[in-house]
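The values are calculated or read from the model by the stated rules, or taken from the named source; none is laboratory data. Here the structure is a predicted model, which is why all the values come from computation and not from measurement. In this analysis, Cβ positions are derived from the backbone assuming ideal geometry, glycine residues included, and neighbour counts consider all displayed protein chains.
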Amino acid sequence: MVDARGFSCPKPVMMVDEEIKKNNPSELVVLVDNRTAENNVSNHAESLGYKVTHEKEGRDFKLTLSK
Amino acid sequence: MKTKINPLIIVTGLVIGVAAVLLTKFGNPKNMGFCIACFIRDIAGTTKLHSAPVVQYLRPEIVGIVLGSAIMAFVSGEWRAKAGSSPAIRFILGFMVMVGALIFLGCPLRMVIRMGGGDLNAFVGLAGFVVGILIGVVFLKKGFGLKRNYDTANLDGLVLPVVLIILFVLFFMAWPALSQYVSDVKAGVEDAKNTTAFAISTSGPGSMHAPLFMALAVGLIVGVLAQKARICMVGGLRDVILFKNFNLLLGFVAIFVAVLVGNVVLGNFTGFSTQSQPIAHSSQVWNFLGMVIVGWGSCLLGGCPLRQLILAGEGNADSAITVIGMLVGAAFAHNFALAGGADPGMVDGAYKVFSLSANGKLAAICCLIALLIISCTNLKAEEN
């Protein structure tokens with residue numbers, strides 16, 4: 001899991017990118033707390049071939065990346 | 001990576017470009033329809049944080065941008081009071097970004113507007129800006145990061161917007177007396193007296209402005225759009241370098257195109273040149289280094305001065321601190337003669353270039369050293 005809550009872009013995208021490059025996970029849960037990070041992480045993950053599902057968790061966003 | 005383009009970013013860039021040209025037509029200084037750094041400097045002047053007489057005016061555009069962002073964030077449910085991400089470092093980064101911008105004479109947004117106005121010095125600034133971002137990206141890749149922010153009291157996120165509203169209302173109340181004073185001075189009235197608490201420019205860039213409520217309304221529109229589109233001058237170049245993502249860069253390009261076309265249509269465009277450009281100098285080393293500081297500092301902050309205003313409107317108290325850092329930086333830049341100035345122009349048949357003060361040169365070098373120290377000491381912050 002990548003917990004990028006409290007970080008603003010580009011940090012969340014970089015954290016997700018690093019995790020994907022390091023471990024190439026088939027599923028990855030990402031927590032972010034703002035819509036900019038939600039959109040950026042989602043776009044980046046899709047460009048890397050992941051499907052992304054979005055859930056609202058309180059005031060935060062839980063993204064599940066899978067392929 | 002394949003870029004997913006948000007059409008709103010292009011619309012926002014075009015609107016900002018057109019708005020900049022129109023604000024200039026209605027009174028703002030040339031090539032300064034918008035300049036976040038210059039406008040914050042003018043606010044520092046009118047509130048007497050510095051006493052440079054030619055740059056004192058409460059720019060309603062700044063108030064409008066922050067409020068527009070706040071309104072849009074409330075409407076879309078994105079408003080959220082957050083704070084606690086390395087506030088003192090953000091303050092000092094805001095301070096240094098302002099010093100760099102005032103050495104160059106413009107924030108990244110004005111740099112693009114100057115480029116669209118035919119000012120070749122701004123292209124030198126762009127080169128410095130790109131280099132600054134490249135340096136920032138190197139440290140981002142090495143793990144640079146400011147700390148996480150956390151939810152805070154709503155009031156924390158409202159401080160900057162509320163203070164700006166109060167300042168604007170007070171300035172509006174003082175406006176009849178202020179404008180009377182300005183016209184008295186211009187008419188040569190001997191005992192002209194400013195009876196208000198605000199300082200006001202009677203000549204120079206601070207005396208040039210579009211009507212109060214027009215500037216406020218344009219600021220509001222830009223704030224609304226910029227919040228929604230997340231336009232950012234630094235983000236545009238940074239995302240291309242980091243992720244090969246061209247989305248934000250299109251906003252940058254759209255502003256340039258709109259300003260260039262707008263200037264041509266209105267007959268303001270006289271070709272590209274480095275000489276005799278409005279409120280600009282052709283001391284290229286300092287144009288370059290000033291924008292290296294702005295690019296590098298903004299990259300570490302995660303956004304350009306415009307983006308900091310938008311984030312502050314969304315309830316981000318750390319960005320509010322950054323804006324206050326810029327305000328204090330502007331005051332220092334003028335109190336200690338660090339800022340750039342216009343080229344003197346033709347003197348005795350030769351074109352004379354502006355020479356930056358020794359203080360300004362020293363400040364620029366100190367900023368670069370401080371940026372290096374901050375960049376090196378905040379690596380791998382997410383692990384803490």
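Taking residue B:227 as meeting all but one of (1) of a type outside the set (A, V, I, L, M); (2) within 14 Å of another protein chain (Cβ to nearest Cβ); (3) not in a helix (DSSP H, G or I), write down the number of the exception.
(3)
If I ask for residues that are buried (at least 21 other Cβ atoms within 10 Å of the Cβ) and within 11 Å of chain B (Cβ to nearest Cβ), which ones from the stretch A:42-67 would you list?
If the condition is that a residue be buried (at least 21 other Cβ atoms within 10 Å of the Cβ) and within 11 Å of chain B (Cβ to nearest Cβ), then A:42, A:44, A:45 are the ones that fit.
For the stretch B:162-204, how many residues meet the condition of being assigned to a loop (DSSP other than H, G, I, E, B) and either modelled with pLDDT under 95 or more than 24 Å from the chain's Cα centre (by Cα) (or both)?
Residues in the stretch B:162-204 being assigned to a loop (DSSP other than H, G, I, E, B) and either modelled with pLDDT under 95 or more than 24 Å from the chain's Cα centre (by Cα) (or both): 11 in total.
Examine the stretch A:1-8 for a residue that is in contact (Cβ under 8 Å) with a residue 12 or more places away in the chain, within 21 Å of residue B:141 (Cα to Cα), touching a helix residue (DSSP H, G or I) at 6+ places or on another chain (Cβ under 9 Å) and among the hydroxyl-bearing types (Ser, Thr, Tyr), and state whether such a residue exists.
Looking through the stretch A:1-8, at least one residue is in contact (Cβ under 8 Å) with a residue 12 or more places away in the chain, within 21 Å of residue B:141 (Cα to Cα), touching a helix residue (DSSP H, G or I) at 6+ places or on another chain (Cβ under 9 Å) and among the hydroxyl-bearing types (Ser, Thr, Tyr).
Go through the stretch B:114-128 and give me each residue that's small (Gly, Ala, Ser) and either more than 12 Å from residue B:273 (Cβ to Cβ) or modelled with pLDDT under 95 (or both).
Passing the criteria: B:116, B:125, B:127, B:128.
Restricting the first residue to the stretch B:319-331 and requiring it to be in contact (Cβ under 8 Å) with a residue 12 or more places away in the chain, which pairs with a second residue that is among the β-branched types (Val, Ile, Thr) and assigned to a helix (DSSP H, G or I) meet a Cβ separation below 6 Å and a spacing of at least six or different chains?
Going by the 6 Å Cβ cut-off, the qualifying pairs are B:326/B:40; B:327/B:40; B:329/B:99; B:330/B:40.
What single numbered condition from (1) more than 8 Å from chain B (Cβ to nearest Cβ); (2) in a helix (DSSP H, G or I); (3) of a type in the set (A, V, I, L, M); (4) under 26 Å from residue B:82 (Cα atoms) fails to hold for residue A:20?
Every listed condition holds for residue A:20 apart from (4).
Read through the list (1) surrounded by 18 or more Cβ atoms within 10 Å (Cβ to Cβ); (2) at positive phi, then give the number of the only condition that residue A:17 fails.
(2)
Conditions (1) surrounded by fewer than 17 Cβ atoms within 10 Å (Cβ to Cβ); (2) within 14 Å of another protein chain (Cβ to nearest Cβ); (3) under 29 Å from residue B:298 (Cα atoms); (4) out of contact with any Pro (no Cβ under 9 Å at 6 or more places or on another chain), marked per residue:
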| site | (1), (2), (3), (4) |
| --- | --- |
| B:147 | no, yes, yes, yes |
| B:153 | yes, no, yes, yes |
| B:156 | no, no, yes, yes |
| B:170 | yes, no, no, yes |
| B:189 | yes, no, no, yes |
| B:222 | no, no, yes, yes |
